[in-house]
Amino acid sequence: MNARTLSILATGTLLGTLVIAQGQAAQDPPAPQEATAEQDPASSPDATEATAEAMPHVPTPPLDLRRIKPLQGDAVAGKAKAEVCGACHGAEGIAIAPLFPNLAGQHAEYLYWQLQEYKRGNVPPSTMTPLVTDLSDTDMRDIAMYYASLPHNPPTPPAAPAEPSSTEEGATDETPATPIDPALVAQGESLYLDGNPAKGMPPCQGCHGGDAMGFPDALKPDRDGHVPYAVFPILRGQQHDYLQTRLAQYQAGTIVDSSTDKVMNSVGHRLDSDSIAAISAYLSGLDK
Ligand code: HEC
Ligand code: HEC
């Protein structure tokens, strides 16, 4: 990690601290059925503000994400609200370092419900925990719509021509690429596409798509207008270190706040450090 990255991280942490300092008593999260069944503004977390004080410290039941509707929100408003997020997730939603997830082109529904989970506070505390304290339900919708609207693949930077490069000494701005071992990538591809029957590990592509672009047709509403597979995330080209961290969490079973967390946890406990390393190498290398 270079000095610039570190200073950005320090800024992020400082901002997080400020957010905590300004935060008022946490608003109560929505009752799962209300929040998920319909995208009705009246059932949004904002609407429950008045009852917040009445319900201290009651562990909320997991969110039921099987009956969600396509997300509504304002991507233009979201862009302005997401300015602070760019410090780690990148101005175009492509993370500045392999530790942070890319958000560009991810399903809005997935992003929104992840933000809700950070705010509910039932998932392991992380960098994100203080950063969502002040986000309202509307903010989360808008920001999720904004990142979903960005191209999943960042525009290729103009192929560095004969342009004289920066003479600033020591200013190596490129993120050091994780060295990729082709044998590891091949093993990861095999696990991703075929699973490991001996260990009871299902093929990842069964839910995340053969091209790792998420469940096929995930955004097409079913006959009841629900889009349950929109919260099955796109994994293609996701950041290497982030994938490793997240998969280790599923392996340990520490992310348990929704019906979809349960789905992925049941896969996660079939993983081990070797398969996690292989799959992370494979997925992060796609699209490069
Ligand atoms: C200081 C760095 C930092 C900043 C600033 C930041 N994030 Fe994050 N974000 C992270 C990290 C680290 C993770 C992974 C956290 C984890 O594993 O729990 C993450 C995860 C996420 C995820 C989950 C992605 C996924 O694929 O599951 C979303 C959504 C997200 N951030 C949105 C935001 C938004 C919106 C903002 C601005 C309000 C923001 N982040 C600001 C560091 C940051
Ligand atoms: C039965 C369906 C299913 C299978 C099979 C499956 N997943 Fe998942 N996966 C999910 C769901 C649902 C989520 C969202 C979980 C959540 O909200 O925490 C998810 C989330 C993830 C995430 C988090 C992505 C992010 O941006 O934070 C990763 C990484 C992941 N899966 C990798 C894998 C890998 C690797 C495999 C194969 C070993 C796999 N999945 C197999 C359903 C599945």
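For the reader, a short list of remarks on this structure follows.
- Among the listed pairs LYS119/LYS262; LYS119/LYS220; LYS79/LYS220; LYS199/LYS220; LYS119/LYS199; LYS81/LYS119, those with a Cα-Cα distance over 23 Å are LYS119/LYS220; LYS79/LYS220; LYS199/LYS220; LYS119/LYS199.
- The simple spin-label model puts a point 7 Å past each Cα toward its Cβ; for ASP194 and SER259 those points are separated by 3.4 nm.
- Applying 1/(1 + (r/R0)^6) with R0 = 22 Å to the Cβ-Cβ distance of ILE180 and ALA248 gives a FRET efficiency near 0.70.
- Packing rank of 261-273, 60-72, where each peptide gets the mean count of other beta carbons within 10 Å, highest leading: 60-72, 261-273
- Among 239-245, 210-216, the peptide with the highest mean count of other Cβ atoms within 10 Å heads the list, and the full ranking is 239-245, 210-216.
- With only the Cα atoms considered, region 182-285 has a convex hull volume of 97 Å³ per residue.
Where a number appears in this text, it was derived from the coordinates with a stated rule and is not lab data. These figures come from a predicted structure and were not determined experimentally. Note that we place each Cβ from the backbone using ideal geometry, even for glycine, and neighbour counts take in every protein chain shown.
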